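Student: There's a structure below that I have some questions on.
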Amino acid sequence: MTHTWYISTVTDAAGARIAVARLAAAHGVPVLDRTRLVTALTAQLRQCLTKGGAWRLVLETVAPAAGQEHGRLDVTLCPGRDGTAAERPAWHAAVDFTEPGDLDAVARVAADPATLADALFGADEDTARVMEKLTEQEALVAFHREELHQTNQGVLALHAELDAAGEAQRELFAAEREARQEAEKARHRLTFLADASAALTSSLNHEEILRRLPELLTPAYAESVDVWLFADEDKQRQSPRPAAAVTAARTGRPQYAAEHPGGLPGVDDVPPSALRPDRPLLCIPLPIRRAPLGVMTLTPPGERWDPDDAVMLLELARRAGIAIDNAQRFEHSRDIAETLQRALLTDLPTTPGLHLAARYLPATHGLNIGGDWYDAFRQPDGSLITVIGDVTGHGLHAAVMMSQLRTALRAYAVDGGSPGQLLTRLHLFLHHLQPDLYATAVIARFRPDEPTVTWAAAGHPPPVLRLPDGRVRTLDAKPGAMLGIPLGQDIGDHTVRMPPGSTLALYTDGLVERRAHGIDPGIGRLATALSALRGPDLDEDLDASADRILDPLLCDSERDDDICLLLCHIDSEPVPALHS
């Protein structure tokens with residue numbers, strides 16, 4: 001349904017406004033929506049009156065569609081009295097309604113004073129209702145404002161607590177991270193100290209230890225490292241020493257020479273060194289039992305040392321001093337032992353037609369003294385006795401027992417006797433002298449002008465014979481048992497032909513035995529090395545031939561046992577005799 005008003009005066013505008021308000025009320029438009037509509041329409045009508053001319057106000061009721069609860073009131077304000085549907089309105093508004101009203105009642109609205117007064121009071125009632133709603137909303141807004149204020153205060157307090165908790169958590173995280181970093185540094189220092197100590201103590205050569213120290217410390221803990229050993233002062237090039245190093249040597253206390261105090265625990269601060277005024281120096285004595293062994297002087301990897309790093313360096317210097325002292329003591333004892341060992345070995349006799357060459361190599365581990373020995377001497381009947389033996393064990397006790405066996409053998413040989421008889425007497429001698437010590441030995445006897453050799457063995461690796469044509473035989477006839485075992489035995493002799501140009505090799509097990517392979521492969525390698533030698537080389541230089549035998553046999557040896565080799569070579573006959 002549509003209703004139209006024509007407006008050209010204030011009275012026309014007032015009537016139209018009253019009609020729209022009443023119609024909206026009749027259709028059940030809520031008071032707030034109705035008031036908004038009327039207020040907006042009033043403002044538009046005032047503008048139309050200001051502009052002047054005729055205006056047309058159209059109110060159309062749109063009934064609810066099927067299934068909908070609300071209809072719609074469309075209000076349109078257009079210029080002029082007559083207009084088309086396509087004319088663009090100057091103003092348009094729409095509100096929903098729930099109850100259809102009576103447009104005829106609106107049509108009967110007249111612009112008389114009574115109607116205007118009634119409309120005015122009706123508008124005031126709407127205004128009062130709006131004010132009531134506004135008051136309610138203001139109270140509600142005030143309530144929510146207070147509630148929001150309290151909420152904001154709580155949020156601010158919560159934020160403050162969260163900030164404080166976050167700051168405390170950050171501090172805890174920072175402290176935990178710092179503690180973890182310190183723990184990791186401490187673990188790294190302990191690991192380094194353990195590894196460095198193992199590297200230093202693994203060597204018994206003090207020069208090797210001195211070489212390893214700078215390699216271990218640079219560049220992580222020092223820029224440069226210099227070790228001053230008092231005992232090596234004569235061997236080293238004389239050079240000026242920092243005053244701090246001299247003070248450390250004299251007092252036995254670590255010294256820190258720099259422009260500013262280092263604050264290092266257990267270290268004395270002294271003025272900077274005149275030799276290195278631009279760099280701090282840390283001079284640490286290498287302590288041993290009574291007095292410092294030397295002084296280690298370091299420069300820092302950066303500006304200065306961390307105090308914990310300095311403590312670790314002091315402990316490493318202590319361990320390095322002990323390692324160097326142990327190595328020097330070992331080297332001294334080794335030199336004495338090696339001198340003693342070589343003094344116990346015999347100078348080989350010279351015999352026409354028979355050449356001898358011997359090699360003795362001490363083990364690379366230990367004191368370089370053991371029970372391996374070789375000997376060669378003449379018997380009263382002119383025959384030549386050669387012997388090689390090995391006393392069980394290692395060290396000074398084995399060397400002393402070896403010397404006694406050698407002396408006893410020479411004494412028994414004065415009375416004559418074959419190699420087997422001499423070994424039998426040595427067996428009884430060792431059994432009664434040292435019941436808990438055993439030995440192995442092989443004795444070979446050469447008689448003048450006889451192309452044979454008589455030999456006997458007691459628990460020893462078999463002799464290897466090289467014939468003039470290069471063929472090799474292992475003399476593995478049944479040997480006797482070890483010397484000194486609690487068993488009565490009569491060791492027998494064996495004789496084999498040795499034509500001119502033959503070579504007999506006597507040796508100890510250190511030459512052929514390997515832990516992973518046993519002794520038989522080593523004997524085979526010895527036989528191969530002997531076979532590879534040339535006859536003229538054996539005649540001309542037996543010592544060089546001994547070296548050529550050792551080289552291939554020792555290339556895979558760890559030298560954890562003493563090694564003895566004794567070569568007995570009979571000169572080749574003159575060339576014409578070889579064809580006779």
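Student: Any idea how far apart His188 and Glu138 come out in nm if each label point goes 7 Å out from Cα toward Cβ?
Tutor: If labels sit at His188 and Glu138, their model points lie 7.3 nm apart.
Student: Around Val155, with a cut-off of 14 angstrom between Cβ atoms, what is the net charge of the other residues, counting Lys and Arg +1 and Asp and Glu -1? Let's see the in-between values first.
Tutor: Details: positive: none; negative: Glu147, Glu161, Asp163.
Local net charge: -3.
Student: Would you calculate the separation in nanometres between label points at Glu147 and Arg129, each defined as 7 Å from the Cα along the Cα-to-beta-carbon direction?
Tutor: Placing both labels 7 Å beyond Cα along the Cβ direction yields 2.7 nm.
Student: How much length would be gained if the chain were fully extended between Val414 and His397, taking 0.36 nm per residue of separation minus their Cα-Cα distance, in nm to one decimal? Please list the in-between numbers first.
Tutor: Working: separation 17, 0.36 × 17 = 6.12 nm, distance 2.64 nm.
Difference between extended and current length: 3.5 nm.
Student: Still on this structure: Could you work out how far helix 307-344 tilts from the main Cα principal axis of the chain, as a 0 to 90 degree angle to the nearest 10?
Tutor: 20
Student: I've got another one for you. Please work out the FRET efficiency for the pair Glu99 and Lys51, using the Cβ-Cβ distance as r and a Förster radius of 35 Å; give the result to the nearest 0.05.
Tutor: On the way: r = 36 Å, r/R0 = 1.02.
Once the sixth-power term is evaluated, E becomes 0.50.
Student: A follow-up question, please. Choose one of Thr351, Cys568, Leu433: the residue whose Cα lies farthest towards the positive end of the charge dipole of the chain (beta-carbon charges +1 Lys, Arg; -1 Asp, Glu; about the Cα centre).
Tutor: Thr351
Student: On a C-alpha basis, how far is the centre of the range 1-55 from the centre of the range 509-569 in Å? Whole number, if you could?
Tutor: Here the answer is 132 Å between Cα centres.
Student: Still on this structure, I have one more. In what order do Trp91, Trp305 fall by count of nearby beta-carbon atoms within 10 Å, going from fewest to most?
Tutor: In increasing order of surrounding Cβ atoms, one gets Trp91, Trp305.
Student: Ignoring everything except DSSP H segments at least 4 long, calculate the 222 nm mean residue ellipticity for the chain; use -39,500 (n - 2.57) per segment, divide by total residues, nearest 500. Please report the intermediate quantities before stating the final value.
Tutor: Working: 14 runs with 265 residues, N = 580.
Taken over the chain, the calculation gives -15500 deg cm²/dmol.
Student: For the range 176-215 and the range 134-156, what is the separation of their Cα centres, given in Å?
Tutor: Cα centres, the range 176-215 to the range 134-156: 70 Å.
Student: If I stretch the segment between Val155 and Asp541 completely, what's the gain in nm (0.36 nm per residue apart, minus their alpha carbon distance), one decimal? All intermediate terms of the calculation are to be shown ahead of the outcome.
Tutor: Numbers: separation 386, 0.36 × 386 = 138.96 nm, distance 10.43 nm.
Here the segment from Val155 to Asp541 would lengthen by 128.5 nm.
Student: Next up: With a point put 7 Å past each Cα toward its Cβ, work out how far Arg515 is from Val496 in nm, to one decimal.
Tutor: In this crude label model, Arg515 to Val496 measures out at 3.1 nm.
Student: Now a separate question. Got a sec? Charge dipole of the chain, +1 on Cβ for Lys and Arg, -1 for Asp and Glu; which of Ile549, His27, Gly524 is way out at the positive end?
Tutor: Projecting each Cα onto the dipole axis, the largest value belongs to Ile549.
Student: Next question, about the same structure. According to the square roots a ≥ b ≥ c of the eigenvalues of the Cα gyration tensor, what is the shape class of the range 345-578, taking rounded for a/c under 1.5, prolate for a/b larger than b/c otherwise, and oblate for the remainder? All intermediate terms of the calculation are to be shown ahead of the outcome.
Tutor: On the way: a/c = 1.74, a/b = 1.21, b/c = 1.44.
Oblate.
Student: Nearest 10 degrees, 0 to 90: what angle lies between the long axis of helix 10-26 and the longest principal axis of the chain (Cα atoms)?
Tutor: With both axes taken from Cα atoms, the answer is about 60 degrees.
Student: Now for a different question. Across the Cα atoms of the chain, what radius of gyration and what greatest pairwise Cα-Cα distance (Dmax) are found, in Å?
Tutor: Every Cα atom of the chain included, Rg and Dmax give 59.8, 178 Å.
Student: Now for a separate question. Report the gain in length on full extension from Arg329 to Glu315: 0.36 nm times residue separation, minus Cα-Cα distance, nm rounded to one decimal. Before the final figure, lay out each step's value.
Tutor: Numbers: separation 14, 0.36 × 14 = 5.04 nm, distance 2.13 nm.
Gain on stretching Arg329 to Glu315: 2.9 nm.
Student: Using only the Cα atoms of the range 136-175, what are the Rg and Dmax in Å?
Tutor: Considering the range 136-175 through its Cα atoms, Rg and Dmax are 16.8, 57 Å.
Student: Nearest 0.05, what FRET efficiency do Gln181 and Asp278 give at R0 = 35 Å with Cβ-Cβ as r? Write down the numbers at each step before the final one.
Tutor: Details: r = 31 Å, r/R0 = 0.87.
According to the calculation, E is roughly 0.70.
Student: Among Cys78, Cys568, which comes first, second and so on when ranked by fewest other beta-carbon atoms within 10 Å? Please report the intermediate quantities before stating the final value.
Tutor: On the way: Cys78 20, Cys568 26.
Listed from fewest to most nearby Cβ atoms, that is Cys78, Cys568.
Student: I would also like to ask the following. What FRET efficiency comes out for Asp163 versus Val62 if R0 is 51 angstrom and r is the Cβ-Cβ distance? Round to the nearest 0.05. Working shown, then result.
Tutor: Working: r = 58 Å, r/R0 = 1.15.
It comes out at approximately 0.30.
Student: Something else now. Ranked from highest to lowest mean number of other Cβ atoms within 10 Å per residue, what is the order of the peptides 500-506, 161-167, 475-481?
Tutor: Details: 500-506: 22.6, 161-167: 10.4, 475-481: 16.1.
For the peptides 500-506, 161-167, 475-481, the packing ranking is 500-506, 475-481, 161-167.
Readers should treat all values here as calculations from the given coordinates under stated rules, not as data from a laboratory. As the structure is a prediction and not an experimental result, all values here were calculated from the model. Note that each Cβ is placed from the backbone with ideal geometry, even for glycine, and that neighbours are counted across all protein chains shown.
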